[in-house]
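In what follows, a single structure is set out as structure tokens and then discussed.
The values are calculated or read from the model by the stated rules, or taken from the named source; none is laboratory data. Everything quoted here is computed from the prediction, not taken from an experiment. Positions of Cβ are generated from backbone atoms using ideal geometry, with glycine treated the same way; all protein chains shown enter the neighbour counts. These accessible areas exclude ligands, DNA and RNA; they are computed on the full protein's heavy atoms, side chains included. Shrake-Rupley method; radii C 1.70, N 1.55, O 1.52, S 1.80 Å.
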Amino acid sequence: MIRLSARHAVVQAEGRRWRCTLRKSLFHQMAAYTRPVAVGDRVAIRIFGPRDAVIEKVFDRRSCLAREHKITGRQQVIVANVDQVVVTVSLAQPPLRRGIIDRLLVAAEREEVPALIVFNKCDLVPEREPFEEVARIYRAIGYPVLFTSAVTGEGVEELRSRLEGLTTVLAGHSGVGKSSLLNAVQPGLKLKVGEISSKWGKGRHTTTAVSLLPLEGGGFVVDTPGFRSFGIVGLEKWQVGLLFPEIKAIAPGCHYPTCTHTHEPECAVKRALEEGRIDPERFESYLRIVEGEEDLLFDEDEEEEDVMDTTPETDAGERA
Ligand code: GDP
Ligand code: ZN
């Protein structure tokens, strides 16, 4: 399923596109979710016209990026079956903020989806070294970091090859250059490049539907107008450390198995921090998440993208 709008879902199968409605029973089977299907879902369809079909079944999801709906508490799946997340930030305009990288990485870890970090707009910084230093920190943890510029084309070739054959979500604040980069990777995508409003990171949203964009080399990229960070709902405090690979690696050395690395005695993570084996800014991000200082679930202005209403659409036979 590659696209979901308020009226129907678009399914790609055997090189063709089908405009689909949903079988009513799916709404009961998938009652824990705000919507019974999500972009990226593998589905079974029943064809009943040259372009029309009904989604009969949604297959089990390999992975999904979801967040909890604030009011109903149901899971809102943003994209299913994602292979990797590209955490996209810009080095300038807007300036690099490490906290955002860490929040997005944690969200990817939560879903067990591998993450890659892209430092875009590298043409705007005269001095690369401070950013190389940051890149080294993340590479040491195990996250690849790519320097890119949609303007000069730097890093675009490598990004393209890393997207090939996979379903990738580009995550990051608006204005960092996600659309521009995807256009550079594949000019045919013709994604709208946003104007940046006066307040950094609050670019305008031109689309409301989430869609999977097919890549020429195989694979898909997900154009997600809304989300910036995914939820980390339902976690105990001590579990947050499991989402920071460098903390996870050291935590078994703590005295308490449920150590939160905040106030506990004999904490191996605190010791590693003091000895410089854990990056202090990463630990800062960890603390902010543990202490719940940041609302990781939503950005207020982007919460309502529940584009498909949850009332069942008519089944094939009943179509108006
Ligand atoms: P998105 O909201 O993340 O999709 O960001 P856009 O692709 O809409 O880009 C936001 C603004 O940044 C636009 O004015 C782009 O022209 C500009 N931009 C994007 N990438 C680069 C880059 O690599 N270098 C420079 N200098 N500007 C860029
Ligand atoms: Zn500890």
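The table that follows gives values for the structure above.
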read-out: Point-charge dipole on Cβ atoms (K/R +1, D/E -1) for the stretch 237-290, about Cα centre, debye to 20; value: 160 debye
read-out: Simple label model, 7 Å out from Cα along Cβ direction - Ser5 to Glu284, nm; value: 4.4 nm
read-out: Loop GluC sites (Glu not before Pro), the stretch 1-95 (other Cβ atoms within 10 Å of the site Cβ: 16 or fewer; DSSP); value: Glu14
read-out: Rh by Kirkwood over Cα pairs, then Stokes-Einstein D for the stretch 3-60 at 1.306 mPa s and 10 °C, µm²/s; value: 138 µm²/s
read-out: Accessible surface of the stretch 67-125, 1.4 Å probe, proportion on carbon and sulfur as whole %; value: 44 percent
read-out: Local net charge near Val134, Cβ-Cβ under 13 Å (Lys/Arg +1, Asp/Glu -1); value: -1
read-out: Distance in nm between pseudo-label sites at Arg42 and Glu157 (7 Å out along the Cβ direction from Cα); value: 3.4 nm
read-out: Backbone N under 19 Å from the Lys192 label point (7 Å along Cα→Cβ), restricted to the stretch 73-112; value: none
read-out: Options Pro50, Val11, Ser25, ranked by Cα towards positive dipole end of the stretch 3-60, top entry (Cβ charges); value: Pro50
read-out: Cβ charges +1 (Lys, Arg) and -1 (Asp, Glu), total dipole of the stretch 3-60, debye; value: 220 debye
read-out: The stretch 1-153 - percent relative contact order, Cα under 8 Å, separation 6 or more; value: 15 percent
read-out: The stretch 237-290 shape via C-alpha gyration tensor axes, a/c threshold 1.5; value: rounded
